[in-house]
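**Student:** One structure coming up, written as structure tokens, with questions to follow.
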Amino acid sequence: MKYAKNILETIGNTPLVKLNKLTQEVDALVLAKIETFNPGNSVKDRMAVKMIEDAEADGRLKPGGTIIEGTSGNTGMGLALCAIVKGYKLICVISDKQSKEKCDILRAVGAKVVVCPTDVEPTDPRSYYSVSKRLADETENSWYVNQYDNPSNAIAHYEQTGPEIWEQTDGKITHFVVGVGTGGTISGIGKFLKEKNPNIKIWGVDTYGSVFKKYHETGIFDENEIYSYITEGIGEDILPKNVDFSIIDGFTKVTDKDAAVYTRKIALEEGIFVGNSAGSAIKGLLQLKEHFKPTDVVVVLFHDSGSRYIGKMFNDDWMRERGFLDEEITKAEDLIKEHIDKPLVVVRTEELVSHAIERMRKHKISQIPVIDINGFVGSIDESNLFDTYLSDNNIADKPIKEVMGKPYPIVKKGASIEEVSKLINKENQAVLVDLGDNMHHIITKYDIIGAIK
């Protein structure tokens, strides 16, 4: 009989799959190393086992102990599988930018999850680096994994993933492309491949808001480059010891939008359901296409599963809110489709100014059309109210008709964006859209800005 003694023995030997539609413009053979076939659905299973086994061997991790780690989710999953099989407790410290699915999955496999803010300095006591270290200091019989600086991370890929890629390509690989986070994957695989053939090029994919690319090119750790970003699993605001810059031939940066868009493209065009860092990796590869020739064999690594991003990159509303959906916006009705289900907020001429102010607060809006029995007769906006208040601080008890401005222009729903844009200026803060059947909606300058790609 052929069977694994436990789930950990199923880690590795993931398939290499030719990409077809997404790489039509790439003049080379492009193969994806699909790490979702690991039992924890990510590349991190490999190094999780290696780090734990090495810690057991030298006594850092003792029987019945507690494993503590800061993770973007995937390393935590790999550690959780090991903890279950080997009888350890696990605390995962995760940043609040990670998907809800990742937190839910970690809890489902028995991990205690502590969520920390993303947009703080690494040295801030609230950061997930600092919280992980503090919990390790405070928890008896615990071991802090520290995947960023733990050499077993890179060694796992030197011993396993690198040899697999070499064997699967029959030694014909010429380029390796992968997103870089802790650095263990690119450094371990890159070291093995370059020992086999020093001419193999190792390319890292970075994200905007991360320090890797500039540091590799200049040796400068530029704190001005550090800012929060949406892309998960790659990029850092620190320099992990596992990133061996001497092995990496170059970096390319990918935007949050491109990473999200290409994550969806991989599923829709290749039938491969993978995560956010895979979107970054394939877009990075496409940005590097001038480096490849017809005889080349390019391997790109897909880190994790798309199931961890259902509420984010695979959710139309989430994508639309961030301007990541390439929807054609050409007419007035396109500008309001995100809030067309909400009723138009209005005030009447005889109502008090305080009523308009209350409606602005409640609905978080800056402009309100004014109506009477004949239709739209005026407008109220926050700048108008502010200017009026400076000359008369009793305006709250005055009727709207005494302070209202001119009514907003009305356009048909098929009016072009250019036509609408020309109507919005300092004197006129909004435009009304006639939807028919005596239904109207409002377009503000923020709707116009939101349509800019």
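**Student:** Report those strands (runs of 3 or more DSSP E) wholly inside the range 23-123 carrying at least 1 residues which are touching a residue at least 60 places away in the same chain (Cβ under 8 Å) and hydroxyl-bearing (Ser, Thr, Tyr).
**Tutor:** Numbers: elements: 29-34, 66-70, 89-95, 112-116.
Passing ranges, in order: 66-70.
**Student:** Tell me whether the range 399-409 contains one or more residues that are crowded, with 18+ Cβ neighbours inside 10 Å and within 18 Å of ASP334 (Cβ to Cβ).
**Tutor:** No, because not a single residue in the range 399-409 is crowded, with 18+ Cβ neighbours inside 10 Å and within 18 Å of ASP334 (Cβ to Cβ).
Listed here are the residues, each with its yes/no results for (1) hydrophobic (A, V, I, L, M, F, W, C); (2) farther than 17 Å from GLY78 by Cα; (3) modelled with pLDDT of 95 or more; (4) crowded, with 16+ Cβ neighbours inside 10 Å.
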residue	(1), (2), (3), (4)
TYR129	no, yes, no, yes
LYS133	no, yes, no, yes
TRP143	yes, no, yes, yes
TYR148	no, no, no, yes
SER152	no, no, yes, yes
TRP166	yes, yes, yes, yes
GLY171	no, yes, yes, no
THR174	no, yes, yes, yes
GLY179	no, yes, yes, yes
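**Student:** In contact with a strand residue (DSSP E or B) (Cβ under 8 Å, 6 or more places away or on another chain), touching a residue at least 60 places away in the same chain (Cβ under 8 Å) and not in a helix (DSSP H, G or I), is that true of VAL131? Outline the logic, then answer.
**Tutor:** Working: in contact with a strand residue (DSSP E or B) (Cβ under 8 Å, 6 or more places away or on another chain): yes; touching a residue at least 60 places away in the same chain (Cβ under 8 Å): yes; not in a helix (DSSP H, G or I): no.
Considered against the rule, which asks whether it is in contact with a strand residue (DSSP E or B) (Cβ under 8 Å, 6 or more places away or on another chain), touching a residue at least 60 places away in the same chain (Cβ under 8 Å) and not in a helix (DSSP H, G or I), VAL131 comes out as no.
**Student:** Could I ask something else about it? I'm trying to understand the selection: among the residues of the range 227-275, which are within 26 Å of PRO122 (Cβ to Cβ) and part of a strand (DSSP E or B)?
**Tutor:** Matches in the range 227-275: GLY250, PHE251, THR252, LYS253, VAL254.
**Student:** Could you grab the pairs with beta carbons closer than 9 Å, sequence gap of 6+ or different chains, first residue in the range 245-259 and modelled with pLDDT of 95 or more and surrounded by 18 or more Cβ atoms within 10 Å (Cβ to Cβ), second one of a type in the set (Phe, Trp, Tyr) and part of a strand (DSSP E or B)?
**Tutor:** ILE248/TRP203; PHE251/TRP203; THR252/TRP203
**Student:** Is there a residue being part of a strand (DSSP E or B), of a type outside the set (A, V, I, L, M) and either in contact with an Asp or Glu (Cβ under 7 Å, 6 or more places away or on another chain) or not assigned by TED's automatic domain parsing to the domain that holds ILE202 (or both) anywhere in the range 152-165? Show your work before the answer.
**Tutor:** Step one: of the range 152-165, the residues part of a strand (DSSP E or B) are none.
Within the range 152-165, none of the residues are part of a strand (DSSP E or B), of a type outside the set (A, V, I, L, M) and either in contact with an Asp or Glu (Cβ under 7 Å, 6 or more places away or on another chain) or not assigned by TED's automatic domain parsing to the domain that holds ILE202 (or both).
**Student:** Now for a different question. How about the range 292-306: which of its residues are crowded, with 21+ Cβ neighbours inside 10 Å and of a type outside the set (Phe, Trp, Tyr)?
**Tutor:** Those that are crowded, with 21+ Cβ neighbours inside 10 Å and of a type outside the set (Phe, Trp, Tyr): VAL298, VAL299, VAL300, LEU301, HIS303, ASP304, SER305, GLY306.
**Student:** Is there a residue being crowded, with 17+ Cβ neighbours inside 10 Å, of a type in the set (A, V, I, L, M), under 27 Å from GLY40 (Cβ atoms) and within 22 Å of the chain's Cα centre (by Cα) anywhere in the range 195-212?
**Tutor:** Checked against the condition, which is being crowded, with 17+ Cβ neighbours inside 10 Å, of a type in the set (A, V, I, L, M), under 27 Å from GLY40 (Cβ atoms) and within 22 Å of the chain's Cα centre (by Cα), the range 195-212 yields at least one hit.
**Student:** Looking at (1) among the aromatic types (Phe, Trp, Tyr); (2) within 28 Å of GLU121 (Cβ to Cβ); (3) not in a helix (DSSP H, G or I), can you tell me which one TRP203 breaks?
**Tutor:** Failed condition: (2).
**Student:** Could you check how many residues of the range 134-161 are in contact with a strand residue (DSSP E or B) (Cβ under 9 Å, 6 or more places away or on another chain) and not polar (S, T, N, Q)? Walk me through it before giving the result.
**Tutor:** Taking the range 134-161 and keeping what is in contact with a strand residue (DSSP E or B) (Cβ under 9 Å, 6 or more places away or on another chain), we get 135-137, 139-148, 161.
With the extra rule that they be not polar (S, T, N, Q), the set shrinks to 135-137, 140, 143-145, 148.
Counting residues in the range 134-161 that are in contact with a strand residue (DSSP E or B) (Cβ under 9 Å, 6 or more places away or on another chain) and not polar (S, T, N, Q) gives 8.
The values are calculated or read from the model by the stated rules, or taken from the named source; none is laboratory data. Keep in mind the model is a prediction, meaning the values are calculated, not measured. Reconstructed Cβ throughout: ideal geometry from the backbone, glycine too, with neighbour counts over all protein chains shown.
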